[in-house]
1. Which residue is surrounded by the fewest Cβ atoms within 10 Å (Cβ to Cβ), if the candidates are limited to region 359-368 and must be of a type in the set (A, V, I, L, M, F, W, C) and at pLDDT below 90?
2. Whether any residue in region 152-160 is outside the structural domain of Leu191 (by TED's automatic domain parsing), of a type in the set (Asp, Glu) and surrounded by fewer than 17 Cβ atoms within 10 Å (Cβ to Cβ) is what I want to check.
3. Conditions: (1) modelled with pLDDT under 90; (2) closer than 19 Å to Ala245 by Cβ. Leu316 meets all but one. Number of the miss?
4. Filter region 271-304 down to the residues that are of a type in the set (Lys, Arg) and surrounded by 22 or more Cβ atoms within 10 Å (Cβ to Cβ) and list them by number.
5. Restricting to region 263-287, name every residue that is hydrophobic (A, V, I, L, M, F, W, C) and touching a strand residue (DSSP E or B) at 6+ places or on another chain (Cβ under 9 Å).
Amino acid sequence: MALEFLLVALGGVVAGFVVARLAQRTPVAPALAADLPAEPDSRFEQLLRSLTVGIITVDRTGHIDSVNAAAGAIFELGSRHVLGRAVIEVVPSFELDQRVRAALAGHPSRGRVSLNTPNGARVLTVGTIPIDGSDGVLVIASDETRLHELEQTRRDFVSSVSHELRTPLSSINLMIETILANDEDDEALKLFLPRVKREVDRMVHLVEDLLDLARSEWGRLRLRREDVDLASVAGNIMKTFEPRAAQLGVKLTLEGSTARLDGDPDRLAQVLVNLIDNALRHTPAGGSVTISVEQTDGAAVLVVQDTGVGIPFNDLPHVFDRFYVVDRSRARDAAGTGLGLSIVKQIVEAHGGMVTADSEFGLGSTFRCVFPTAKSTIAASAASQTKTSDA
């Protein structure tokens, strides 16, 4: 929309400037020359320099006549000499070259152009406009790479949510149909109603995770901070998992001592729940999950280590991404939503901390959360307020 507006609003203005500029270099009829200014208005040059969209003017022979700073950044031209060179020489894009050639033949166009640069792939929206009176072309480019990435993220998100909801809903629908078809069968009720309840709980858990993730990503995750002993929180959460760990045949232990920080005990408990749940789901019987808490200089550190199946090297950088599941077939319980670790990351960062994952495939995984302690947090907050007041 921004580029389309510029094509309409600025096209005529910029084209007028270009006609005047090209007229200085191209012989024209005396009648036409009389109507042109003696030299381009400096205000137009200032306009081109200040635009955040890229502007390239091409003369009738297909060679570049001018490039504004934004175009230099978008096409990553650097300090190269580009004036007087063909477009294809400067920007190695067959698609862009074709659009420029079509515009020189009198056919304007607007669309997306993919461009491979040393800094990665870029997605540009490019408009090419024939310039009346000069036989040249005006190229207007806007970098839409970030928007394209956001659109892809949104599509992936909708697809993932749809998949996560479709599976339990289909299961619930099938079980309810079976119950209705056998309304007098008590065994069917006893068999399917608990399963329906589990699937409903799974969907409720998914929705709650999505709400937490949305709040944290929008900066609306509320932290009710107080002086918290991380070891005490870890101990309480571990007790709730002990029956499940015993049932799975996994040894669950807690190591360490008091580690105090200024944090939200409920959110910190959520971090522990997600990390321990993740560890138990990926640790086979006979394995172990160890929770350790320690107070270091200026930080409270939480480590959850398991002897499970581990994470492949290529998957490790993505474990905190939304809906990213390494391999459901290798998990003991495939009911995870793929949001737990992403929520862990958001909560830890909301406390001013950081979380890392380390794993060796087949030997287990280690998740390490580092939180600033109460004193360092208060000091950082005071320093921030001092800077604000001084400003």
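The values are calculated or read from the model by the stated rules, or taken from the named source; none is laboratory data. All values reported here derive from a predicted model rather than from experimental measurement. Virtual Cβ from ideal backbone geometry, glycine too; neighbours counted across all protein chains shown.
1. First pass over region 359-368, keeping only residues of a type in the set (A, V, I, L, M, F, W, C): 361, 363, 367.
The next check asks that each one be at pLDDT below 90; those that pass are 361, 363.
Numbers: Phe361: 15, Leu363: 11.
Ranking the qualifying residues of region 359-368, first place goes to Leu363.
2. Scanning region 152-160 turns up no residue that is outside the structural domain of Leu191 (by TED's automatic domain parsing), of a type in the set (Asp, Glu) and surrounded by fewer than 17 Cβ atoms within 10 Å (Cβ to Cβ).
3. (2)
4. Taking region 271-304 and keeping what is of a type in the set (Lys, Arg), we get 281.
Listed by number, the list is empty, since nothing qualifies.
5. Just the residues of region 263-287 that are hydrophobic (A, V, I, L, M, F, W, C), to begin with: 268-269, 271-273, 275-276, 279-280, 285.
Scanning region 263-287 gives Leu268, Val271, Leu272, Leu275, Ile276, Ala279, Leu280.
A quick yes/no check of all residues on (1) surrounded by fewer than 18 Cβ atoms within 10 Å (Cβ to Cβ); (2) over 30 Å from Asp59 (Cβ atoms); (3) not assigned by TED's automatic domain parsing to the domain that holds Leu339:
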site	(1), (2), (3)
Asn116	yes, no, yes
Pro168	no, yes, yes
Ile179	yes, yes, yes
Asp183	yes, yes, yes
Glu187	yes, yes, yes
Val204	yes, yes, yes
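Residues checked against (1) among the basic types (Lys, Arg); (2) at pLDDT below 90; (3) not assigned by TED's automatic domain parsing to the domain that holds Leu211:
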| site | (1), (2), (3) |
| --- | --- |
| Glu294 | no, no, yes |
| Ala300 | no, no, yes |
| Arg332 | yes, yes, yes |
| Gly338 | no, yes, yes |
| Leu341 | no, yes, yes |
| Ala357 | no, no, yes |
| Ala374 | no, yes, yes |
